[in-house]
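Right, one structure below, let's go through it.
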Amino acid sequence: MRKGRLIAGLVLIFLMVVIVNAENPLDFFIDYVELVSQSSYEDGSAKFKFRVSAEYNNFCYYSCYWKNNLDPQLHQFILFDTENDLTEGDNFIINLQPNTKEVQGILTVSCTRTGSLGLCGGNSTKEKSFSTNSYGYNGDRNCQSGKESCKVSDDCSCTKEGKSSIGKDIKQCVGIGLSASCQTYCGNGICESDESCSTCSLDCGKCEGVSCIYGSECEGKFCVHEKCSSKPYVQGDSFCDFDLGENCKNSLVDCGCKSSEKCGQTAQCETFCGNGVCEQEEAGICKADCQWCGDGVCSGNENCKVCDLDCGNCKEEEKLGGILNIFKTKEQNKEEVNTQETKLPNSEITGQVISENSTNNKNKSIKIIIIIIIALLTLLVLSYVGRKIWINRGDERSKKMRELKENINRHEKIIKKLEG
């Protein structure tokens, strides 16, 4: 009786287990798929890890395999029956794909439940997706140093450096393989820091002194008399380019002044008082070069008759000297006539002597009368003039002195302005 009850109990328990297993099919989980490490460029790889877990079961264990869509190889593992959760972890590595910035994949896990007494049958498959982080690749428009170069990848193309003002690439690819790089070159239209007119005249222009036609050909941007220059004029080229800034101050050899000129404050050659030449504008101003009536010096062709300001008033004797000269001239003329008469024949002389004696007597009396009249008139005039002179001499002298001082002051002011 007891044995029958025991057997019946075992059968009941077995039936209950079967019913429970039938109502609770196989159940396991892919807990995670994590990225462990990854290369930065497409020629590398990425490492992942994952974990699978199953619910606790005293009668069954799990026979499983896993794979990913990037690696079709199957990898087996077993989840054994323990008191704790059934878990299994593993790692896998995938190669990064070219021409794309990331890799996406799917992890597939399939398990079959097996166990004693044939109570653990059944299988199931589960999937979980995974992906890498972004990485560099050929075609991402970023030049990866050590992985790409201008010779092997458009990502490193030298055209990205731009073009110069003359439409040429600023840099060109130099070298081979991954060691190639973009470098500037002579002829790109830009004068680089390592270039000069002597090493690359194409970019930096011609050096100073080299023949030219246009200023744009020269390093200094000026073509002066068909020679390159850093200035709009060239000192010592025998050309005085005054309109271009060359003058007697900054280029004495080309723009030197004449001996009668000096370089003025405005850098122009100017005449000056004291150069020994009386210029038109100096008349009446510059005593060192010019003479004029009123300069205070009686010199040259000046005398009391033409310039009493400098030479003073003429004396009375000088005025009478003119009158006496008139009579001297008449007497000389008569003597010449007498000399000519002595050369005539005797017959003619005899007749002329008789007639001329009477005429000479008359002329002598007339002369005496004329001389007396002139002497009287002269005395009257002298007395009258002397009285006037005596009265006005003081006023005239003071007036002339004032005028002389005014002229001197005016000329000195003009000289100071010119010298300033």
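The values are calculated or read from the model by the stated rules, or taken from the named source; none is laboratory data. Just so we're clear, the structure is a prediction, and the values are computed from it rather than from any experiment. Glycine gets a Cβ as well: all are built from the backbone with ideal geometry, and neighbour counts include every protein chain shown.
Determine whether residue 124 is loosely packed, with under 12 Cβ neighbours inside 10 Å, among the hydroxyl-bearing types (Ser, Thr, Tyr) and either more than 42 Å from the chain's Cα centre (by Cα) or closer than 30 Å to residue 107 by Cβ (or both).
Taking the combined requirement at face value, the residue does not satisfy it.
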- Message: Being touching a helix residue (DSSP H, G or I) at 6+ places or on another chain (Cβ under 7 Å) and under 13 Å from residue 269 (Cα atoms) is the filter here; which residues of the stretch 222-258 pass it?
- Response: 240, 242, 246, 247, 248, 255
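Conditions tested, residue by residue: (1) surrounded by 16 or more Cβ atoms within 10 Å (Cβ to Cβ); (2) over 30 Å from residue 157 (Cβ atoms).
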position: 187; (1), (2): no, no
position: 205; (1), (2): yes, no
position: 213; (1), (2): no, yes
position: 222; (1), (2): yes, yes
position: 228; (1), (2): yes, yes
position: 238; (1), (2): no, yes
position: 243; (1), (2): no, yes
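Return yes when residue 184 is under 30 Å from residue 27 (Cα atoms) and among the polar types (S, T, N, Q) and no when it is not.
no
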- Message: When you check residue 160 against the structure, is it assigned to a helix (DSSP H, G or I), within 43 Å of the chain's Cα centre (by Cα) and at pLDDT below 95, yes or no?
- Response: yes
- Query: When only residues in the stretch 132-157 that are free of Cβ contacts under 8 Å to residues at least 60 places away in the same chain and assigned to a strand (DSSP E or B) count, which is surrounded by the fewest Cβ atoms within 10 Å (Cβ to Cβ)?
  - Reply: 145
- Item | Out of 175, 162, 205, sole residue that is within 30 Å of residue 150 (Cα to Cα), in contact with a helix residue (DSSP H, G or I) (Cβ under 9 Å, 6 or more places away or on another chain) and of a type outside the set (A, V, I, L, M, F, W, C) | 205
- Query: Quick one: is residue 114 at pLDDT 90 or above, assigned to a strand (DSSP E or B) and hydroxyl-bearing (Ser, Thr, Tyr)?
  - Reply: no
- Looking at residue 102, is it outside any strand (DSSP E or B), modelled with pLDDT of 75 or more and under 30 Å from residue 136 (Cβ atoms)? yes
- Query: Taking the condition free of Cβ contacts under 8 Å to residues at least 12 places away in the same chain, at negative phi and in contact with a strand residue (DSSP E or B) (Cβ under 7 Å, 6 or more places away or on another chain), does residue 279 pass?
  - Reply: yes
- Query: Do we have residue 231 as free of Cβ contacts under 8 Å to residues at least 60 places away in the same chain, closer than 22 Å to residue 211 by Cα and touching a Phe, Trp or Tyr at 6+ places or on another chain (Cβ under 8 Å) here?
  - Reply: yes
- Message: Going by what's in this entry, would residue 126 be described as among the basic types (Lys, Arg), farther than 24 Å from residue 76 by Cα, in the same structural domain as residue 63 (by TED's automatic domain parsing) and not in a helix (DSSP H, G or I)?
- Response: no
- How many residues of the stretch 203-227 are polar (S, T, N, Q) and more than 19 Å from residue 186 (Cβ to Cβ)? The answer is 1
